[in-house]
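For reference, the structure is listed below as structure tokens.
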Amino acid sequence: MADGVVAMAARLPPSDAIRFLRQKVNVPTERWGELEGEAHARSFAIAGAASDALLADFRKAMEKALIDGTTLEAFQKEFDSIKKRRGWDHTGTPGWRAEIIYSTNVSTAYSAGQYRQMTTPDALEMFPYPMRSTRAATALPARCAARGTWRNWCSTISPPGSIAGAADWARNCTTSSWVSAGFSGPRSA
């Protein structure tokens, strides 16, 4: 019985990720680079998607992808349908462009949801130390922890503010894991 409950829970949509996507505001753009910094976290924008209808269609497809667990391949078909229906002439190959839109939005939404869960009072009480790295296993600066600026540094570079596609990961850890990773000293809450 318990295994069935766990399996069922694993199939539930990621509510925090969906909530993050839903709170964004559609922002039409003519080209890449029009939005910077915090604007990316607050806006649903696709470079070159200058019409409200086109953005609404892509946003609906992204929301469906999060709710239903749509694969990249299924999204690529939806991408082709949307661009044909709206007459969108984009840069790059269709497969590449669909993958950029899909992977950026899915990873950012999941990361924002994960960050929200990691920073609840209950999570911070059980796992008070944030750990962050990249696919390249870049060590994070221990001096930030020693100066008590660790939490501020993590919140500054944590998704959705980090670079999309960087394959970053973040987690909170216990005091013993923090010390095992070579960190010591205070960190800010």
* Structure fact -> By residue number, the members of the stretch 72-111 that are assigned to a helix (DSSP H, G or I) and among the acidic types (Asp, Glu) are Glu73, Glu78, Asp80, Glu99
* Under the condition of being of a type in the set (Asp, Glu) and part of a loop (DSSP other than H, G, I, E, B), which residue from the stretch 14-49 is surrounded by the most Cβ atoms within 10 Å (Cβ to Cβ)? -> Glu34
* For Phe58, all conditions in the list (1) in a loop (DSSP other than H, G, I, E, B); (2) modelled with pLDDT of 95 or more hold save one; what is the number of the exception? -> (1)
* Asked: Looking at the stretch 106-117, is at least one residue within 30 Å of Thr174 (Cβ to Cβ), at pLDDT below 90, of a type in the set (D, E, K, R) and surrounded by 14 or more Cβ atoms within 10 Å (Cβ to Cβ)?
  -> yes
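The values are calculated or read from the model by the stated rules, or taken from the named source; none is laboratory data. The model shown is predicted, which means the values in this text are computed figures rather than measured ones. When we count neighbours, we look across all protein chains shown, and the Cβ atoms used for this are built from the backbone with ideal geometry, even at glycine.
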